[in-house]
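Remarks on the structure that follows.
The values are calculated or read from the model by the stated rules, or taken from the named source; none is laboratory data. The model shown is predicted, which means the values in this text are computed figures rather than measured ones. In this analysis, Cβ positions are derived from the backbone assuming ideal geometry, glycine residues included, and neighbour counts consider all displayed protein chains. Heavy atoms of the whole protein, side chains included, go into the accessibility calculation; ligands, DNA and RNA do not. Shrake-Rupley method; radii C 1.70, N 1.55, O 1.52, S 1.80 Å.
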Amino acid sequence: MASAFFTIISVLGLLICGSLNTITMKIAFTMKGINLSGQEQVFQKPWFITFIMFFAMALSLVFDKSMYSKSNGMYESLIDEAPNGEPKMSWSKKVKMVSIPAVFDILATGLCSMGFLYIPASVWQLLRGAEMVFAALFAVIFLRRKLLAFHWLGVALCVSGIILVGLASVWGSGGGSDDGKGQDAKLLLLGMGLALGGQVVQAAQVIAEEWLLKEVDLPGLTIVGFEGVWGGLIMLFFAFPLLYFVPGDDNGHLEDELDSFAMLRSSVPLAAMILVYTFSCATYNMAGIAVTGALSAVHRVMLEAFRTSIVWIFGLTVHYCFDPASPFGEAWTPYSWMEVVGFFVLMLGQAVYGEMIHVPGLKYPEGLAKPEAMASPGALKNLASPLPPERTS
């Protein structure tokens, strides 16, 4: 009973905090603070938000029981032994291996966050479904996996759903609402392009984790925590200096992080929103690790669908019930029905790809173990469908 209750609580945490991640990030990007020049400025700092995500991931180590047992016997556990007595990968090398997916995660999250500046939250959430498409293609190219007809059908449906979502957003950007929030179609296309580019890198991260972390038998919470540590360090010592010295529109820099901290100090509501975002990210990762083994493909697709619905309903509620001019509210346009259709087509594609729905006339091999999602940051990011299994024929 206790185990079932814990699973239910973890799944609710996964759903609520996953939705909060998107909502709080979008709200933060619309809030204002006083910058280093003493002027009020909108907090459009996608790379700072990326750093906060890694900081939240690193907090997982505080709750990782294996870290405390590791510290009690660190010397003995530096070299683990295989069942036959032969030494295998050391614990320290396993931790270092986690740094490679962290590099992918920095680029993927940064691109997605930049795209989020220009597109509605619901569209951004739906476009994250593109990761499955790119991961499937990369699995064929790099892991030599074989996709069967139902896999290709699922990929085709996902692509169709994403196209419908994109068209609905662009066509509905110029009108259909009298709130004065009409968006530039070029900026929407830029935002969607950046978000899709982020999904390409995110899919590459899933492939890298599948290839690199198979022998890294660390607990899931440890992997998440150390990816957060590596990601944070890489951002502090490499990404932030690079962003500072590259010319841009943020006080002459591509992104000025000193300015980010100044804005946080000047605005208590903005700082509070960043704290909520940090809490939701940390809780989402820990809840995801807790229920990785308990979630079937059906559960993952349903959770992703509910998460998208919550984000979309939140935007519509803000627009129609509170403030039509709110920058994080969303209006219903004449083309929003296309986004709804795209949403259902995308979910159908994921269901077909994950063998939840069997299409008559297509071949489904029997006797193959269903692939399980890895307890890793890449797989948890979008509740990604497991990669197709290795087949011998």
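Picking from residues in the stretch 321-337 that are part of a helix (DSSP H, G or I) and touching a Gly at 6+ places or on another chain (Cβ under 8 Å), the one that is farthest from Gly154 (Cα to Cα) is Phe322. Screening the stretch 266-284 for residues that are without any contact (Cβ under 8 Å) to a residue 24 or more places away in the chain and open to solvent by 40 Å² or more (accessible area, probe 1.4 Å) and picking the one that is farthest from Gly220 (Cα to Cα) gives Val268.
Restricting the stretch 101-119 to residues that are open to solvent by 10 Å² or more (accessible area, probe 1.4 Å) and under 16 Å from the mean Cα position of the chain (by Cα), which is farthest from Gly315 (Cα to Cα)?
Here the answer is Val103.
For Gly293, are the conditions met, namely being modelled with pLDDT of 85 or more and in a loop (DSSP other than H, G, I, E, B)? Before the answer, list the steps.
Numbers: modelled with pLDDT of 85 or more: no; in a loop (DSSP other than H, G, I, E, B): yes.
Judged against the criteria, Gly293 is not a match.
Of the numbered criteria (1) closer than 23 Å to Ser113 by Cα; (2) aliphatic (A, V, I, L, M); (3) part of a loop (DSSP other than H, G, I, E, B); (4) modelled with pLDDT of 90 or more, the one Ile310 fails is (3).
Conditions tested, residue by residue: (1) touching a Cys at 6+ places or on another chain (Cβ under 6 Å); (2) part of a helix (DSSP H, G or I); (3) open to solvent by less than 10 Å² (accessible area, probe 1.4 Å); (4) among the charged types (D, E, K, R).
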site	(1), (2), (3), (4)
Ala204	no, yes, no, no
Asp217	no, no, no, yes
Leu221	no, yes, no, no
Glu227	no, yes, yes, yes
Phe237	no, yes, no, no
Leu243	no, yes, no, no
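For the stretch 122-160, give me each residue that is closer than 17 Å to Gln199 by Cα, assigned to a helix (DSSP H, G or I), out of contact with any Phe, Trp or Tyr (no Cβ under 6 Å at 6 or more places or on another chain) and among the small types (Gly, Ala, Ser). Those that are closer than 17 Å to Gln199 by Cα, assigned to a helix (DSSP H, G or I), out of contact with any Phe, Trp or Tyr (no Cβ under 6 Å at 6 or more places or on another chain) and among the small types (Gly, Ala, Ser): Ala130, Ala135, Ala136, Ala139, Ala156, Ser160.
Quick check: is even one residue across the stretch 156-174 at pLDDT below 85, in contact with a Gly (Cβ under 9 Å, 6 or more places away or on another chain), open to solvent by 50 Å² or more (accessible area, probe 1.4 Å) and not acidic (Asp, Glu)? Yes, the conditions are met somewhere in the stretch 156-174. The residue of the stretch 245-264 that is most open to solvent (accessible area, probe 1.4 Å), among those that are out of contact with any strand residue (DSSP E or B) (no Cβ under 8 Å at 6 or more places or on another chain) and part of a helix (DSSP H, G or I), is Leu258. Counting only strands (runs of 3 or more DSSP E) that sit completely within the stretch 1-89, those holding 2 or more residues that are of a type outside the set (Ser, Thr, Tyr) and at pLDDT below 85 correspond to 79-81.
Across the stretch 311-346, which residue is farthest from the chain's Cα centre (by Cα) among those that are of a type in the set (A, V, I, L, M) and surrounded by fewer than 18 Cβ atoms within 10 Å (Cβ to Cβ)?
If we filter the stretch 311-346 for residues that are of a type in the set (A, V, I, L, M), which is where we start, we get 311, 313, 316, 318, 325, 331, 338, 340-341, 345-346.
Checking which are surrounded by fewer than 18 Cβ atoms within 10 Å (Cβ to Cβ) leaves us with 313, 316, 325, 340-341.
Working: Ile313: 20, Leu316: 22, Ala325: 28, Val340: 21, Val341: 23 Å.
Per the criteria, the residue is Ala325.
For the stretch 17-45, the set of residues classified as over 19 Å from the mean Cα position of the chain (by Cα) and open to solvent by less than 10 Å² (accessible area, probe 1.4 Å) consists of Gly33, Phe43, listed by residue number.
For the stretch 179-202, taking the residues that are open to solvent by less than 30 Å² (accessible area, probe 1.4 Å) and polar (S, T, N, Q), the one that is nearest to Val133 (Cα to Cα) is identified as Gln199.
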